[in-house]
Amino acid sequence: MKRIPWTMFWLVLSVFLLVGAAGRADDDATNSNTQVTVTPSLTYITVKGDKQRFREDTWMNDYWSGGAAEATLHQVLGKDTTLDFSGRGLFNQDDYKLQLEIVKKDVGFIRGGYTENRHDFDDVGGFFKGFTPHGFDSHHNLVLRHGDIFFEAGLRLPDLPKLTIGYERQSTDGQKSLLEWGGVTQGGATRNIFPSHEDIDEFTHIIKAEAAYDVGSVHLADQFRFEHFHSDITRYDGSVNLDTSSSQSVTVHEDYRHDEFFNTFHMDQHLNEKVYWSLGYMFTTLKGGGDMALSTEPFSTPTDKNWFAQAIDVDLNSHVVNLNAMVGPFAGLYLYGGLQGEKTSGNGLTDAVLEEIAFGGVTNSPQALLRSSTDTDSLEETLGARYTKLPFTTLYAEGKWTEQQIDLGQSEDGGPDAFVNSTDSDIFRQDYSIGFNTAPLPRVTLAGRYRRSIYQNDYNHTVDTIAGYPGFITAQDFTTDEVMSKLTVRPCSRFTVSLEYQLVATDFNTTTEAVPPLVPSGSVQSGNFDAAIYSISATVTPISRMYLTGYFSFQDTRTATFDNGTPTVVTYRGNVYTVIGTAGYALDKKTDLTVEYTYSRTDDGQSNAADGLPLGVENQRHGLLVGISRHIKENILARLRYGYYELNDPGNGGIDNYRAHLFSGSVTCRF
């Protein structure tokens, strides 16, 4: 990430503020106008195994790191005026935070801040035991850095509208891994296990303003937001032929920017103790553009492509209106409902040069114009009720219906695959849920819920010059049933246990026209998903100086798809076990001991190496954190921590395995 030049200035300024405040507190121990907290820390982490995977999993960098884990300042500047500062700075972790706020009661505030952090990614691709070597890595140090800087100012004058203006800049810069792996060929077989990654350089400038005012019992608010977004992304995909010792790379570069304007108006009122209503309107407009280049090196095989989009233009406009109301209680009955309408239209235009090698070995470089347009009309209705008159029981029910009409037009003029497509889609979504919460006994609570969701899509392809996908799909239906129940028992004041069960089942159905010889006409079950989740949690305080908490869950999932006779598509089935435990014990009035342990086991490997990749995950994770803290003085707290982290993944030959030890110490001083 391109560091903001004056970040160090903020850091130095914060140090001076803290030192000055600490000095004032030292000169006058009874000075209650200044409160300072500083927590210096030092950490050492050693990793044996895949360091990149450890960094990706834990968001921590190995070796030495340290700095100020926390620093705060609260200063009374004068009558009704306060200054608050908070900060954090950890070297080798690239974890920084600075925030400053000045507030004057009944006048307003100003605040600003800056945050920065990093996320590492593993550079290892897939794994296939039938090849030598079994896996590959890209030998790239893949790190993404995220930054955010903001400034806000607000007026809070009595009897006048509340006004707020602000500016924010969000940024992301670096490299990350991808799961879109390239092909590796050996012995005539090809498996997609070669690692891919992308370079990302993104930033967003945000300007925002808000106004809020009360007219009697009616609350009015308006929010304005303008965003300028720019993204520059380059993706690197590679492939290797181990039989011929040859390789090929595909580079995709995309540059995109847009300006987007939002304005949201909201008003609501408690008409009386039993009636509440709200009204909202949002307008959005977006105008964007960019370019794209795809290049293959060496450019040799019949499927290679070198594409270049000279111009990509996008326009979008959207209007959303909603109206909501709630009435009650009337004899313990609450009713609520809402309507939301949306009108969205968009257009896209791409001017591209599509160079590709034909199957006859001839290179074609036609220029193509790709156009798209979409119009969406949507209406969403919500109706719900709650009933509370039954003893120690609440019943509730809700229904939600969404109707959408989407008109989509797509075309390509001048390219090698010129086409025209026009599709009218009718979408109807239904979502129903009923449930209850009850406490039949003083130490027993029981909750249950049932939810059914139906998603129906009908497609009418009025114009379709391409035979095959996706025009042969005429309808898709998704139906989900979900059941949840939870029982909590507290037999005594020192022991609480909860049992929870959740079942989710989804069916996917697709209706198609015939595309001989692969696709028959009619309706088929194109997919099915089932998941059962069992969990138990408990809290025990055997003595006043000790607490114990535990959580265990077991998740059994299954996903089946319509394989069309393809042996590479197999039914997925997997189990996930999770254990979390914590314990705390007060050794004496000044010393506390804490222990945290996490364990997870995933067992969902697939045995289809003969026809595809043995996809799935088979691993075990352990995490242990032991800490001891002691009040050296009333205002000084010292902490020591030890952590252990382990990943054991036999499903990919152990190339991601690691074991890590963490040693950390910190001291919190309050002035």
> Just for region 428-462: of the residues that are surrounded by fewer than 16 Cβ atoms within 10 Å (Cβ to Cβ) and of a type in the set (Gly, Ala, Ser), which one is nearest to Thr388 (Cα to Cα)?
Replying inline: Ala439
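So in region 170-210, with the set limited to residues that are hydrophobic (A, V, I, L, M, F, W, C) and open to solvent by 40 Å² or more (accessible area, probe 1.4 Å), which one is nearest to Phe229 (Cα to Cα)? Spell out how you get there, then give the answer.
Taking region 170-210 as the starting set, the residues that turn out to be hydrophobic (A, V, I, L, M, F, W, C) are 178-179, 181, 184, 189, 193-194, 200, 203, 206-207, 209.
Still in the list and also open to solvent by 40 Å² or more (accessible area, probe 1.4 Å): 179, 181, 194, 203, 207.
On the way: Leu179: 25, Trp181: 28, Phe194: 32, Phe203: 6, Ile207: 12 Å.
Result: Phe203.
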>> Please go through (1) touching a Lys or Arg at 6+ places or on another chain (Cβ under 9 Å); (2) not in a strand (DSSP E or B) for Val314 and return the number of the only condition it doesn't satisfy.
In response: (2)
> Among the residues of region 266-278, is there at least one that is open to solvent by less than 60 Å² (accessible area, probe 1.4 Å), in contact with a Phe, Trp or Tyr (Cβ under 8 Å, 6 or more places away or on another chain), on the phi < 0 side of the Ramachandran plot and modelled with pLDDT of 90 or more?
Replying inline: yes
> With respect to Asn635, is the statement that it is over 23 Å from Tyr534 (Cα atoms), touching a Lys or Arg at 6+ places or on another chain (Cβ under 6 Å) and at pLDDT below 95 true?
Replying inline: yes
>> Criterion first (in contact with a strand residue (DSSP E or B) (Cβ under 6 Å, 6 or more places away or on another chain) and surrounded by 19 or more Cβ atoms within 10 Å (Cβ to Cβ)) does Phe128 satisfy it?
In response: yes
> If you go through region 216-236 one residue at a time, how many are among the small types (Gly, Ala, Ser), assigned to a strand (DSSP E or B) and surrounded by fewer than 15 Cβ atoms within 10 Å (Cβ to Cβ)?
Replying inline: 0
> Of all the residues that make up region 625-650, how many are open to solvent by 30 Å² or more (accessible area, probe 1.4 Å) and over 25 Å from Thr46 (Cβ atoms)?
Replying inline: 7
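Would it be correct to say that Arg601 is farther than 20 Å from Ile45 by Cβ, surrounded by 14 or more Cβ atoms within 10 Å (Cβ to Cβ), of a type in the set (D, E, K, R) and modelled with pLDDT of 90 or more?
Judged against the criteria, Arg601 is a match.
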> Consider Asp159 against the criteria (1) over 22 Å from Lys97 (Cα atoms); (2) touching a strand residue (DSSP E or B) at 6+ places or on another chain (Cβ under 9 Å): it satisfies all of them except one. Which criterion is unmet?
Replying inline: (2)
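Tell me which residues, restricted to region 149-165, are in a strand (DSSP E or B) and surrounded by fewer than 16 Cβ atoms within 10 Å (Cβ to Cβ).
Within region 149-165, Phe151, Ala153, Leu155, Lys162, Ile165 meet the criteria.
Of these, Gly66, Gly125, which one is small (Gly, Ala, Ser), out of contact with any helix residue (DSSP H, G or I) (no Cβ under 8 Å at 6 or more places or on another chain) and either modelled with pLDDT under 90 or in a loop (DSSP other than H, G, I, E, B) (or both)?
Only one candidate qualifies: Gly125.
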>> I need a count of the residues in region 564-597 that are polar (S, T, N, Q), over 16 Å from Ala538 (Cβ atoms) and not in a loop (DSSP other than H, G, I, E, B).
In response: 3
> Just wondering, is there one or more residues in region 237-246 that are acidic (Asp, Glu), part of a strand (DSSP E or B), under 22 Å from Phe194 (Cα atoms) and open to solvent by less than 40 Å² (accessible area, probe 1.4 Å)?
Replying inline: yes
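The values are calculated or read from the model by the stated rules, or taken from the named source; none is laboratory data. Keep in mind that what you see is a predicted model, and the values were worked out from it rather than measured. Glycine also receives a Cβ, built like all others from the backbone with ideal geometry; neighbour counts cover every protein chain displayed. The protein model used for the area step is the full one, side chains on, heavy atoms only, and it has no ligands, DNA or RNA in it. Shrake-Rupley method; radii C 1.70, N 1.55, O 1.52, S 1.80 Å.
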